[in-house]
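Working notes for the structure below.
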Amino acid sequence: ACTGIENIDEAITLLEQNNWDLVAAINGVIPQENGILQSEYGGETLHGPAYGPTSHSPAASSTPSSSSAFRHVVPSRQIVERQPRMLDFRVEYRDRNVDVVLEDSSTVGDIKHILENELQIPASKMLLKGWKTGDVDDSTVLKSLHLPKNNSLYVLTPDLPPPSSSHSGALQESLNQNFMLIVTHREVQREYNLNFSGSSTIQEVKRNVYDLTSIPVRHQLWEGWPSSATDDSMTLAVSGLTFPCHRLTVGRRSSPVQTREQSEEQCTDVHMVSDSDGDDFEDATEFGVDDGEMFGVASSALRKSPMMPENAENEGDALLQFTAEFSSRYGDCHPVYFIGSLEAAFQEAFYGKARDRKLLAIYLHHDESVLTNVFCSQMLCAESIVSYLSQNFITWAWDMTKEANRARFLTMCTRHFGSVVAQTIRTQKTDQFPLFLIIMGKRSSNEVLNVIQGNTTVDELMMRLMAAMEIFSAQQQEDIKDEDEREARENVKREQDEAYRISLEADRAKREAQEREMAEQFRLEQIRKEQEEEREAIRLSLEQSLPPEPKEESTESVSKLRIRTPSGEFFERRFLASSKLQVVFDFVASKGYPWEEYKLLGTFPRRDVTQLDPNKSLLEVKLYPQETLFLEAKE
């Protein structure tokens, strides 16, 4: 009644996508002006009907269509309902466990329907066992069974043969295969080549085709599906499609005859979306009338050339053409559009330093909207708007006119903002474009602050932008504070690490100096030892080579020499007067005083004996019969 969706499978799919939250599912499908309010009051949930007798009044239709896509309208009447009790079921089937969450107002048949989608088993072939109150039938309401919150059930399929390993392997292989669907749009005679995995459902195919053709699933008329494809929840792997390529044809379902109630409902939808007061206005696109022709102008005359090429491989090249075409149409005074992919725009706006971050404004253009020229020329190109955007925003643009480009943006939107935002944009009518999305980057996600529609004024647009900046500035100040604290901690840590590094360097240098000093001392000690050993060897050699000391009773002439050392000690020895002076030198050296280092001096007359010819005899140098000499170190 609220959404006009007649296909029960489509309705259930929408509920499953919203985790069986009825309010979220309806808000994601119906236009934003027909939102449903959900608020807590005394522990109960208040639901306001989006449609009904009060919705048809002029007051209800006067809601500005430029409202944010995330602001729900409070209905004039509210119905107080008891919060439903949720029941959790864990259902076991062979080697699988399926978790099911349902309200207690649901039936046993609802559980089987969910299991049919999960297990790919017809509900009529299932026997659901494990009820503590005995066997029940499909129409039994869960509330009547007085079940606890957590329940365990199991499924029996006695009419189905047990799966063989080969069959399971073949099914798994089919689920992993990719199917190429060649879909022909009958009205425009255009083909789309779509790739889907075998695990995709027929419902997913129809919803993707809706993104490309703007034909709602409930209005799609298909040709080419196999006769075995009887359920939209069936996967492509088991639907009987021709692998790897299968041809399909889709068109808009015609509805030439409408009942009075259907006509009034359709008029109410258009009335609330377009703010028209005419009771007999009908959706012209349902009868093949182009939006441009409704206002007496052919659509082809509204634009010179496309703003963006269709199926552009590079987003940067597409944005270059968009900027050039925008300048040619509306002049050079316009926002500076970011040239690059949406991911690159995120990087530029959100992932720099906190002081340099900005909001991201996404402009969605649509050539077939009657608001586009006015919005672009009078609002988007106003100097105040251009200046404010350039200072505070990164502005990125996309053209939604071509179906392929529209589908591509919806895919990007789902990936970055989630299915709720994508569904909100998907449900926007052509004449609600252009759209202006204000995005604020957060630590873990990107938040859509506002969705501004084309039917606005310069003042209202500026007010929306400034309101978004206030929210962003508050968040930015927190981010700057956190970043400054983090940098301060990192600076302290860097200083500590640097001081520790310097300390380690100093310790290492000190240790290396000590090691060098010890090595040098060891080297000098080794040299000293070697020198001493060498000197000792020479001394011993000289001592052994000395002639024997003559006796006092010797008949030969004997010279008696008394030698005083630098330390004051004396030592005496007798030498033959005929002995050479070199023998005296060798004797003194054998006592540890080599003549190369010491001088041997006579007392009277004072003379340096070491300067005399060592080959002369003691008699010739007048060291006979006795003489006192003393040693003195050479300088």
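The values are calculated or read from the model by the stated rules, or taken from the named source; none is laboratory data. Because the structure is predicted, anything quoted here is derived from the model rather than measured. Using ideal geometry, Cβ is built from the backbone for each residue, glycine included, and neighbour counts are taken over all protein chains shown. SASA here: full protein model, heavy atoms, side chains in, ligands and nucleic acids out. Shrake-Rupley method; radii C 1.70, N 1.55, O 1.52, S 1.80 Å.
Worth pointing out:
- Restricting 526, 476 to residues that are surrounded by fewer than 11 Cβ atoms within 10 Å (Cβ to Cβ) and on the phi < 0 side of the Ramachandran plot narrows the list to 526.
- Among the candidates 610, 565, residue that is at pLDDT below 90 and in contact with a Lys or Arg (Cβ under 9 Å, 6 or more places away or on another chain): 610
- Matching residues in the stretch 534-551 - criterion: being under 19 Å from residue 580 (Cβ atoms) and free of Cβ contacts under 8 Å to residues at least 40 places away in the same chain: 541, 544, 547, 548, 549, 550
- Some residue of the stretch 579-601 being free of Cβ contacts under 8 Å to residues at least 12 places away in the same chain and not in a loop (DSSP other than H, G, I, E, B): no
- Condition met for residue 487 (acidic (Asp, Glu) and in the same structural domain as residue 434 (by the TED database)): no
- Restricting attention to the stretch 586-635 and to residues that are small (Gly, Ala, Ser) and surrounded by fewer than 15 Cβ atoms within 10 Å (Cβ to Cβ), the residue that is farthest from residue 574 (Cα to Cα) turns out to be 633.
- Number of residues in the stretch 455-510 that are touching a Ser or Thr at 6+ places or on another chain (Cβ under 8 Å) and in a helix (DSSP H, G or I) equals 4.
- Enumeration of residues in the stretch 117-149 that are among the hydroxyl-bearing types (Ser, Thr, Tyr) and free of Cβ contacts under 8 Å to residues at least 12 places away in the same chain: 124, 144
- Qualifying residue in the stretch 129-137 (condition: touching a Phe, Trp or Tyr at 6+ places or on another chain (Cβ under 7 Å) and surrounded by fewer than 18 Cβ atoms within 10 Å (Cβ to Cβ)): yes
- One residue alone among 200, 239, 254 is at pLDDT below 90 and open to solvent by 20 Å² or more (accessible area, probe 1.4 Å), and that residue is 254.
- Residues in the stretch 411-429 that are surrounded by fewer than 20 Cβ atoms within 10 Å (Cβ to Cβ) and assigned to a helix (DSSP H, G or I): 9 in all.
- Pair list, Cβ under 6 Å, 6 or more apart: the stretch 605-617 residue more than 7 Å from residue 580 (Cα to Cα), other residue in a loop (DSSP other than H, G, I, E, B) and open to solvent by 70 Å² or more (accessible area, probe 1.4 Å): 610/595
- Only residues that are in contact with a Ser or Thr (Cβ under 8 Å, 6 or more places away or on another chain) and open to solvent by 70 Å² or more (accessible area, probe 1.4 Å) were counted across the stretch 96-128, and they come to 3.
- Note on the stretch 442-462: residues that are open to solvent by less than 20 Å² (accessible area, probe 1.4 Å) and farther than 22 Å from residue 407 by Cα amount to 2.
- Residue 447 vs. criteria without any contact (Cβ under 8 Å) to a residue 24 or more places away in the chain and farther than 29 Å from residue 399 by Cα: no
- Any pair with Cβ under 7 angstrom, 6 or more apart, that starts in the stretch 186-207 at a residue that is in the same structural domain as residue 233 (by the TED database) and ends at one that is of a type in the set (Lys, Arg) and assigned to a strand (DSSP E or B): 187/252
- Just one of the listed residues (597, 572) is at pLDDT below 90 and of a type in the set (Asp, Glu), and it is 597.
This table checks each residue for (1) within 16 Å of residue 345 (Cα to Cα); (2) over 21 Å from the mean Cα position of the chain (by Cα).
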site: 383; (1), (2): no, yes
site: 393; (1), (2): yes, yes
site: 402; (1), (2): no, yes
site: 406; (1), (2): no, yes
site: 409; (1), (2): yes, no
site: 414; (1), (2): no, no
site: 418; (1), (2): no, no
site: 425; (1), (2): no, yes
site: 433; (1), (2): no, yes
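- Test: residue in the stretch 385-404 that is under 17 Å from residue 330 (Cα atoms) and either touching an Asp or Glu at 6+ places or on another chain (Cβ under 7 Å) or open to solvent by 20 Å² or more (accessible area, probe 1.4 Å) (or both): yes
- Index of the failed condition, residue 332 passing every other in (1) among the acidic types (Asp, Glu); (2) surrounded by fewer than 16 Cβ atoms within 10 Å (Cβ to Cβ); (3) modelled with pLDDT of 85 or more; (4) more than 16 Å from residue 380 (Cβ to Cβ): (4)
- Residues of the stretch 305-332 satisfying the condition of being under 24 Å from residue 450 (Cα atoms) and either assigned to a loop (DSSP other than H, G, I, E, B) or among the aromatic types (Phe, Trp, Tyr) (or both): 322, 326
- Any hit, the stretch 351-362, residues being more than 30 Å from residue 485 (Cα to Cα) and either open to solvent by less than 30 Å² (accessible area, probe 1.4 Å) or not assigned by the TED database to the domain that holds residue 213 (or both): yes
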